[in-house]
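Reading through the structure tokens given below for one structure.
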Amino acid sequence: MRKKEFKSESKRLLDLMINSIYTNKDIFLRELISNASDALDKLYYRSLTDKKVKVDKDKLEINVAFDEANRTITITDTGCGMTKDELEANLGTIAKSGSLQFKEGMSKEEKVDIIGQFGVGFYSAFMVSDKIVVTSRSVDSDEAYSWESEGADGYIITPAKKDEIGTEIVLHIKEDTDTEDYSKYLNEYELKSLIKKYSDYISFPIKMEVTHHELKDEEKHEYEDHKEIETINSMVPIWKRDKKDVEDSEYENFYMDKFNDYDKPLKVITSSVEGLTSYKAILFIPSHAPADYYSKEYEKGLALYSNGVMIMDKCADLLPDYFSFVKGVVDTEDLSLNISRELLQESHSLKLIAKNIESKIKKELETMMKDDRETYNSFFKTFGVQLKYGIYNNYGVDKDKLKDLIMFYSAKHERLVSLKEYVDEMKEGQEKIYYAAGSSVAKIDSLPQVEQVKDKDYDLLYLTDYVDEFAITAIQEYEGKKFANVENGDLDLETEEEKEETKKANESNSEMLKEMATELKEVSEVKFTNKLKKHPVCLTTKGDVSIEMQKVFDAMPNDLGIKAETVLEINEKHAIADKLKDLYKNNKKEFSKYTKILYSEARMIAGLPIENPTEISNLICEVISK
Ligand code: ADP
């Protein structure tokens, strides 16, 4: 039998597993038990929906055994099993979504981080084993197969004998080293504690042979060992237990196990509802986004149980897209077990549960924002984009649900603030919510137009995500206050006097400004302004499309032809204004050069590309070498 190679990424992951970069090796058992439990869930669900599959519910179980002399641990389940192809597909490859990009010289922490994003799963068993043999018979096959591997150099699959449907995994435990004690796992007490600690809530019995010391003769103090198969776990699903009896660490372990995360959740939300529909739910907000979260591969959804039996592991209808990061479990008695997926979607109870869950998540997030800003900041950093995207999606239908959950960087407070906080602090006479958009806080802060708003002692919001302006445009106004991009030409922050002054300057130089606009083509207008304080020029826009929005459109693969209407504004008080006036009268050739240079400066400040950099740099040299 030829040995097959693992897919290269799986191989690298395996290498890391074998070299044990995880310090917590104990988790191998919970991973295997969790897989076994999933397989039992699948088989049981099949039996309810497929008449051909008959299952004796009492025989659905997991068994853990060990053999100290031969250094093996055996985990057996009577679940759905795997066909030959499934053994190949499921155990020969990992990281089905995304790719593991290991770089040379990565630190251990970085590696753990990458692996963690994919979940450790079955391969974690290689942390403690130097050989693994998986023998399985699928519910869909009359034949059994063995998958065997000694680590990174490959695996073989051979026909095997197995009478019952299900899977048996034999771990050949590594020899102890100077630093690692593997023998400790070949111990009844240790295995029992691990099952209790990590897998107590598993809804199928986890059985193990347990030794009892029994007093045989009281006088002689003689004991006799007597062995008995016992169920180790309490089998009560964690969501069915009284919340006050469950330790935080139990919720955390459950989350990490069930949803394959190496990190604790940021927030645990429990919910128990009785009424029109009754259900229990545990929801988790992860502390970091899964590797594939912002890709198409990511599947949202909550695990759906009907009275303790899993119906579906990712029920998408239970979560709106903007809360797609939430993980969790919902258990209800109101859904029939053998409901088809089509009927499930139509189910009134499911819709009601989804609605309740949505408002529960929203309420919890609002409370977190109010009472625990630090955690909220961390949440927002990870998933804020999703909320902002939710506001702008579907023509803004959900904006009112989400507008109080978003935050933007405040120039005044130098931290994230909510729209409510901004509006509550608005100055007397301030009519609008001012914002500026750009790729970073520092870049926005140096925009010439920002100064004018700061001078008024008004706060400004800095929008640094590409989706921000689209979200703001969808919201339109908050508590009756409209949003104003400082880059927009008619911000209307000048005094009447200043306005009059600018009007005059523009009128008396209208010929010159018109000529500049003709020369530049791309701008719709060139005008004098007094909003710029010390800066010579800036680019502003008219209409609804801002410069930042245009950048987003430009980056799209299909050219929508959406362009911002731009205006070149020149500081009338700056020395450059007089220079221009002079050249316009006396040296038209120089005037044209200055016009082009100034426009390029304005584009550069706005973060827009200069289309003809060589020409501009030559012009600058000509001018400065005079
Ligand atoms: P995950 O459980 O996150 O999918 P694993 O690497 O732990 O990743 O397992 C890969 C796949 O192998 C599982 O999704 C499942 O299809 C299959 N599998 C693992 N263990 C068993 C088992 N005991 N019975 C049936 N299928 C199993």
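The values are calculated or read from the model by the stated rules, or taken from the named source; none is laboratory data. The model shown is predicted, which means the values in this text are computed figures rather than measured ones. Please note: Cβ atoms are built from the backbone with ideal geometry, for glycine as well, and neighbour counts cover all protein chains shown.
In the stretch 134-161, how many residues are outside any strand (DSSP E or B), away from the ligand (no atom under 13 Å from the Cβ) and in contact (Cβ under 8 Å) with a residue 40 or more places away in the chain? Full working, then the answer.
Here is the first cut: in the stretch 134-161, the ones outside any strand (DSSP E or B) are 138-143, 150-154, 161.
Right, trim to away from the ligand (no atom under 13 Å from the Cβ) and you get 142-143, 150-154, 161.
From the residues that got through so far, the ones that are in contact (Cβ under 8 Å) with a residue 40 or more places away in the chain too are 143, 151-154.
Qualifying residue count, the stretch 134-161: 5.
Could you check the stretch 45-62 and list, in sequence order, the residues that are in a loop (DSSP other than H, G, I, E, B) and out of contact with any Leu (no Cβ under 8 Å at 6 or more places or on another chain)?
Restricting attention to the stretch 45-62, the residues satisfying the condition of being in a loop (DSSP other than H, G, I, E, B) are 50-56, 60-61.
Hits for the stretch 45-62 are Asp50, Lys51, Lys52, Lys54, Asp56.
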Practice problem: May I ask you to say which residue of Ile165, Ile173 is buried (at least 19 other Cβ atoms within 10 Å of the Cβ) and more than 37 Å from the chain's Cα centre (by Cα)? | Solution: Ile165
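Report, by residue number, each residue of the stretch 555-571 that is of a type in the set (D, E, K, R) and at pLDDT 85 or above. Don't jump to the end; show me each part of the working.
From the stretch 555-571, those of a type in the set (D, E, K, R) are 559, 563, 565, 569; that's our starting set.
Correct list: Lys563, Glu565, Glu569.
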Quiz item: Can you name every residue in the stretch 63-75 that is β-branched (Val, Ile, Thr) and either more than 9 Å from the ligand (Cβ to nearest atom) or assigned to a loop (DSSP other than H, G, I, E, B) (or both)?
Solution: Val64, Thr72, Ile73, Thr74
Quiz item: For the stretch 200-232, how many residues meet the condition of being modelled with pLDDT under 85 and under 30 Å from Ser37 (Cα atoms)?
Solution: 2
Self-check item: Count - residues of the stretch 549-606 that are among the charged types (D, E, K, R), within 30 Å of Tyr389 (Cα to Cα) and in contact (Cβ under 8 Å) with a residue 24 or more places away in the chain
Solution: 3
Quiz prompt | Number of the condition not met by His221 [criteria: (1) without any contact (Cβ under 8 Å) to a residue 40 or more places away in the chain; (2) at positive phi; (3) surrounded by 10 or more Cβ atoms within 10 Å (Cβ to Cβ)] | solution = (3)
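Out of the residues in the stretch 253-284 that are assigned to a strand (DSSP E or B) and of a type in the set (A, V, I, L, M, F, W, C), state the one that is nearest to the ligand (Cβ to nearest atom).
Within the stretch 253-284, the subset assigned to a strand (DSSP E or B) is 267-273, 279-284.
Narrowing the set further to residues that are of a type in the set (A, V, I, L, M, F, W, C) leaves 268-269, 273, 281-284.
Details: Val268: 21, Ile269: 23, Val273: 30, Ala281: 22, Ile282: 19, Leu283: 20, Phe284: 16 Å.
My answer is Phe284.
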Exercise. Output the number of the condition that Gly301 fails; it satisfies all remaining conditions of (1) within 16 Å of the chain's Cα centre (by Cα); (2) within 28 Å of Leu460 (Cα to Cα); (3) buried (at least 17 other Cβ atoms within 10 Å of the Cβ).
Key: (2)
Practice problem: Give the residue, chosen from Ile73, Ile115, Ile165, that is of a type in the set (A, V, I, L, M) and modelled with pLDDT under 95. | Solution: Ile115
Quiz item: Somewhere in the stretch 89-101, is a residue more than 10 Å from the ligand (Cβ to nearest atom), at pLDDT below 95 and not small (Gly, Ala, Ser)?
Solution: yes
Quiz item: If you check Ser306 against the conditions, is it in contact (Cβ under 8 Å) with a residue 12 or more places away in the chain and out of contact with any Ser or Thr (no Cβ under 9 Å at 6 or more places or on another chain)?
Solution: no
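Quick check on this structure: which one of Glu497, Glu548 is in a helix (DSSP H, G or I) and either crowded, with 16+ Cβ neighbours inside 10 Å or of a type in the set (A, V, I, L, M, F, W, C) (or both)? Talk me through it step by step, then tell me what you get.
Values: Glu497 fails: either crowded, with 16+ Cβ neighbours inside 10 Å or of a type in the set (A, V, I, L, M, F, W, C) (or both).
Just a single option satisfies the conditions, and that option is Glu548.
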Self-check item: Qualifying residues in the stretch 162-187 (those that are away from the ligand (no atom under 16 Å from the Cβ) and among the charged types (D, E, K, R)) - the one farthest from Asp140 (Cα to Cα)
Solution: Asp178
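With respect to Leu40, is the statement that it is part of a helix (DSSP H, G or I), at pLDDT 85 or above, in contact with a helix residue (DSSP H, G or I) (Cβ under 8 Å, 6 or more places away or on another chain) and under 23 Å from Tyr198 (Cα atoms) true?
Values: part of a helix (DSSP H, G or I): yes; at pLDDT 85 or above: yes; in contact with a helix residue (DSSP H, G or I) (Cβ under 8 Å, 6 or more places away or on another chain): no; under 23 Å from Tyr198 (Cα atoms): yes.
No, not satisfied.
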Quiz item: Just wondering, is there one or more residues in the stretch 46-58 that are at pLDDT 90 or above, at negative phi and near the ligand (Cβ under 10 Å from one of its atoms)?
Solution: no
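Residues Ala442, Ala505, Ala484: which one is surrounded by fewer than 17 Cβ atoms within 10 Å (Cβ to Cβ) and either over 23 Å from the mean Cα position of the chain (by Cα) or without any contact (Cβ under 8 Å) to a residue 12 or more places away in the chain (or both)? Show your work before the answer.
Numbers: Ala505 fails: surrounded by fewer than 17 Cβ atoms within 10 Å (Cβ to Cβ); Ala484 fails: surrounded by fewer than 17 Cβ atoms within 10 Å (Cβ to Cβ).
Result: Ala442 is the single residue among Ala442, Ala505, Ala484 that is surrounded by fewer than 17 Cβ atoms within 10 Å (Cβ to Cβ) and either over 23 Å from the mean Cα position of the chain (by Cα) or without any contact (Cβ under 8 Å) to a residue 12 or more places away in the chain (or both).
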Quiz item: From the list Tyr392, Tyr422, which residue is surrounded by 20 or more Cβ atoms within 10 Å (Cβ to Cβ), touching a residue at least 60 places away in the same chain (Cβ under 8 Å) and of a type in the set (Ser, Thr, Tyr)?
Solution: Tyr392
